[in-house]
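*Asks:* Input: one structure, supplied below.
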Amino acid sequence: SQQGEEDPQALSIQEGENATMNCSYKTSINNLQWYRQNSGRGLVHLILIRSNEREKHSGRLRVTLDTSKKSSSLLITASRAADTASYFCATDSGEGNTPLVFGKGTRLSVIA
Amino acid sequence: GAGVSQTPSNKVTEKGKYVELRCDPISGHTALYWYRQSLGQGPEFLIYFQGTGAADDSGLPNDRFFAVRPEGSVSTLKIQRTERGDSAMYLCASRTSSNTGELFFGEGSRLTVL
């Protein structure tokens, strides 16, 4: 089953613009993570935000978390053609042996 | 090795055949996960190992799927009597002994069942 739902499913922007992707989830979490996947490749971890954090930055990435709304957003500023990829949110309940649960992803296309 | 290694990278087989997919996690990572990803979808959980034991196999779709990790390092995902619906990317990931934190993924094994 997939808990996270990303929105939009696909996003196409011009190089230099900002890209915003949203993720909604259903159950309580310990942390939420964002991953990137180039076509046909494995996933690469981007950033982790804990349930007691509201915002986190890493380079051109900004992640927000609203646990009351069970939602998160990923902002990529000043996008580049190399940012073209699929982006997934994943929730971690942190309880026992539960695995990360991934959403369906947002396919981002950055046009040069 | 420096990262998670998966072999083969591509496997084409015929319906009904047996397939093994191998995952070599990052050295020292005791937690190992298998996910399956269909085209245009997110990774779906199959099974999780903590050390040698399967801590959670609730994602395995049926009894044709089985995975082992006999020495707590390399894991093998085994699929019997493959069906065309098994065609997907099979992803392996590992992380440290803690049950939180980032996952390190391999490049995946693309399985095609004809």
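*Asks:* Of B:Asp56, B:Asp24, B:Asp86, which residue is without any contact (Cβ under 8 Å) to a residue 12 or more places away in the chain and within 15 Å of the chain's Cα centre (by Cα)?
*Replies:* B:Asp56
*Asks:* Please identify the pairs in which a residue from the stretch A:12-34 that is among the charged types (D, E, K, R) has its Cβ atom under 9 Å from the Cβ atom of a residue that is open to solvent by 50 Å² or more (accessible area, probe 1.4 Å) and in a strand (DSSP E or B), counting only partners at least 6 apart or on another chain.
*Replies:* Going by the 9 Å Cβ cut-off, the qualifying pairs are A:Glu15/A:Ile111; A:Lys26/A:Glu5.
*Asks:* Suppose we keep only residues that are in contact with an Asp or Glu (Cβ under 8 Å, 6 or more places away or on another chain) and within 14 Å of chain A (Cβ to nearest Cβ) within the stretch B:57-74. Which one would you say is modelled with the lowest pLDDT?
*Replies:* Here the answer is B:Gly59.
*Asks:* On to the next question. What single numbered condition from (1) under 13 Å from the mean Cα position of the chain (by Cα); (2) of a type in the set (S, T, N, Q); (3) under 13 Å from A:Val101 (Cβ atoms); (4) open to solvent by 50 Å² or more (accessible area, probe 1.4 Å) fails to hold for A:Asn31?
*Replies:* Unmet for A:Asn31, out of (1) under 13 Å from the mean Cα position of the chain (by Cα); (2) of a type in the set (S, T, N, Q); (3) under 13 Å from A:Val101 (Cβ atoms); (4) open to solvent by 50 Å² or more (accessible area, probe 1.4 Å): (4).
Yes or no, residue by residue, for (1) of a type in the set (Lys, Arg); (2) without any contact (Cβ under 8 Å) to a residue 24 or more places away in the chain; (3) part of a strand (DSSP E or B); (4) within 14 Å of chain B (Cβ to nearest Cβ):
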site	(1), (2), (3), (4)
A:Leu74	no, no, yes, no
A:Ala78	no, no, no, no
A:Ser86	no, no, yes, yes
A:Thr91	no, no, yes, yes
A:Gly94	no, no, no, yes
A:Thr98	no, yes, no, yes
A:Lys104	yes, no, no, yes
A:Arg107	yes, no, yes, yes
A:Val110	no, no, yes, no
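*Asks:* I would also like to ask the following. Quick one: how many residues across the stretch B:27-53 are touching a residue at least 60 places away in the same chain (Cβ under 8 Å) and buried (at least 18 other Cβ atoms within 10 Å of the Cβ)?
*Replies:* Adding up the residues that qualify gives 4.
*Asks:* Follow-up. Any chance the stretch B:91-98 includes a residue that's within 10 Å of another protein chain (Cβ to nearest Cβ), within 23 Å of A:Ser86 (Cβ to Cβ), assigned to a strand (DSSP E or B) and at pLDDT below 95?
*Replies:* Yes - at least one qualifying residue is present in the stretch B:91-98.
The values are calculated or read from the model by the stated rules, or taken from the named source; none is laboratory data. Since this is a predicted model, take the numbers as computed values, not measurements. When we count neighbours, we look across all protein chains shown, and the Cβ atoms used for this are built from the backbone with ideal geometry, even at glycine. The area values use the complete protein model at the heavy-atom level, side chains included, leaving out ligands, DNA and RNA. Shrake-Rupley method; radii C 1.70, N 1.55, O 1.52, S 1.80 Å.
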